[in-house]
Every structure is written in structure tokens, then in C-alpha cells.
1. Taking the condition of being near the ligand (Cβ under 10 Å from one of its atoms) and open to solvent by 40 Å² or more (accessible area, probe 1.4 Å), how many residues in region 68-77 meet it?
2. Of everything in region 112-124, what is open to solvent by less than 30 Å² (accessible area, probe 1.4 Å) and farther than 20 Å from Gly49 by Cα? Give them in sequence order.
3. In this structure, is Thr24 closer than 21 Å to Ser139 by Cα and in a strand (DSSP E or B)?
4. Answer yes if at least one residue in region 57-67 is under 30 Å from Ala162 (Cβ atoms), buried (at least 16 other Cβ atoms within 10 Å of the Cβ) and away from the ligand (no atom under 15 Å from the Cβ), and no otherwise.
5. For region 78-111, how many residues meet the condition of being outside any helix (DSSP H, G or I), surrounded by 13 or more Cβ atoms within 10 Å (Cβ to Cβ) and near the ligand (Cβ under 8 Å from one of its atoms)?
6. Could we say that Glu146 is open to solvent by less than 50 Å² (accessible area, probe 1.4 Å), charged (D, E, K, R) and modelled with pLDDT of 95 or more here?
7. When Glu153 is evaluated against the numbered criteria (1) farther than 18 Å from Phe58 by Cα; (2) open to solvent by 100 Å² or more (accessible area, probe 1.4 Å), which criterion, by number, is the only one it fails?
8. For Gln158, all conditions in the list (1) away from the ligand (no atom under 16 Å from the Cβ); (2) touching a strand residue (DSSP E or B) at 6+ places or on another chain (Cβ under 7 Å); (3) open to solvent by less than 100 Å² (accessible area, probe 1.4 Å) hold save one; what is the number of the exception?
Amino acid sequence: KPRKPTKTHIFLPHLVASMEVEETYIMVKPDGVQRGLVGEIISRFEKKGFKLTGLKLFQCPKELAEEHYKDLKSRPFFPKLINYITSGPVVCMAWEGVGVVASARKLIGSTDPLQAEPGTIRGDLAVQTGRNVVHGSDSPENGKREIGLWFKEGELCQWIPAQAPWLRE
Ligand code: ADP
């Protein structure tokens, strides 16, 4: 006699609950693109369990680089920084998740790659502050500001990853 199939019930609070979801702007800088590190860097955030909501390869105009880094305008390295960021295509990303801003900063590591812990992106993949391969927003407010700067309306996607119920209880 064939067995009756058992019904599995999976509770999906993720579809309804309003958790404190943050968003952050992550960017593979031109050196990361030139060195073939795009897949590696995206992979770190994917594996952690954050949700990608925006992604594009983009040649950044000078004005946008200056606006993005406007808080550093008075620093002596500012002109070099603008040259660096506009020196080739970057990969722009928007990532979403609970605690994603601080967690992404940890995954990225210290600004100076020689000080960055092994296991972090900069700690594993870079050797100099002026070529530190990746950017990550430093606060939820800046996350929103930077995603607004780098992405147009219609370039971001909202979706529910299939893994959602397996990531959070
Ligand atoms: P982070 O990117 O870790 O948030 P900051 O906001 O302090 O660091 O600086 C922004 C970027 O400016 C750095 O990631 C790096 O590319 C560049 N930068 C910062 N300090 C220096 C420096 N002393 N010399 C050259 N470039 C620098």
C-alpha cells in the first residue's frame, strides 16, 4: 500500500514580520575589478546571508566620486582618491539585511589593509590604503544616502530569497 505523502509546514514569518532591515552600499573599487576580485567579493556577502538588491558595472564620473566622498574633501589625499575611484569601472551593489551595515564593515576590515585582520576582504586581498579594493557604508544613514547616489529608481529589486526561512528563526 503506497504511503500517504506527509505535509510539511514551514512557517515564514520573514514574509510578514517587519524586522529592522538596514541597507548598505558596497562597491568593488577599480583595483578590485582590474584584479579579477569581483566574484570573490560578492561571494563573501552572499555566503554570509545578506540579500543583494542592486548590482551594476559602472564607470563613475568625477562629480559623483566627489559627492560620494564629500566628507573627505579637505584631506590631502582627496584628489588621489577621486582619480583612483574614476580610474576604471567599479561594481556598485546594494545589500540588505538585519545589521548589514556594521557586519559588512567587519567583513571588509580596516581601512589600511595591512592592519585589517586575516579573514576580512582587505586583510586577505589588499596591501595599501590607496588600493583597498572595496567600499562599505559606515552608517545606515549613509547606506541610504549612497544607494540613492549610485542607483536610479528602477535599478533596485525587491525579492524574497529562497533561503530566508533557513537564515533566521
Ligand atoms: P573606509 O573606506 O574604510 O570607510 P575612509 O572613509 O576613512 O575609510 O576613507 C575612504 C577611502 O579613502 C578609503 O577607503 C581609501 O580608499 C581612501 N583613503 C583614506 N585614507 C587614505 C590615505 N591616507 N591615503 C590614501 N587614500 C586614503
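1. Filtering region 68-77 down to residues near the ligand (Cβ under 10 Å from one of its atoms) leaves 68-69, 71-72, 75-77.
From the residues that got through so far, the ones that are open to solvent by 40 Å² or more (accessible area, probe 1.4 Å) too are 71-72, 75-77.
Residues meeting the conditions: 5.
2. Let us first name the residues in region 112-124 that are open to solvent by less than 30 Å² (accessible area, probe 1.4 Å), namely 113, 116, 120-123.
Those that are open to solvent by less than 30 Å² (accessible area, probe 1.4 Å) and farther than 20 Å from Gly49 by Cα: Pro113, Ala116, Gly123.
3. Numbers: closer than 21 Å to Ser139 by Cα: yes; in a strand (DSSP E or B): yes.
When the stated conditions are applied, Thr24 passes them.
4. Narrowing region 57-67 to residues under 30 Å from Ala162 (Cβ atoms): 57-58.
From what is left, the residues that are buried (at least 16 other Cβ atoms within 10 Å of the Cβ) are none.
No, because not a single residue in region 57-67 is under 30 Å from Ala162 (Cβ atoms), buried (at least 16 other Cβ atoms within 10 Å of the Cβ) and away from the ligand (no atom under 15 Å from the Cβ).
5. 1
6. Working: open to solvent by less than 50 Å² (accessible area, probe 1.4 Å): yes; charged (D, E, K, R): yes; modelled with pLDDT of 95 or more: yes.
Considered against the rule, which asks whether it is open to solvent by less than 50 Å² (accessible area, probe 1.4 Å), charged (D, E, K, R) and modelled with pLDDT of 95 or more, Glu146 comes out as yes.
7. So Glu153 meets the others, but not (1).
8. (3)
The values are calculated or read from the model by the stated rules, or taken from the named source; none is laboratory data. Quick caveat: nothing in here was measured; it's all calculated off a predicted structure. For neighbour counting, all protein chains shown are included, and Cβ atoms are generated from backbone atoms with ideal geometry for every residue, glycine included. Quick note on the areas: whole protein, heavy atoms, side chains included, nothing else; ligands and nucleic acids left out. Shrake-Rupley method; radii C 1.70, N 1.55, O 1.52, S 1.80 Å.
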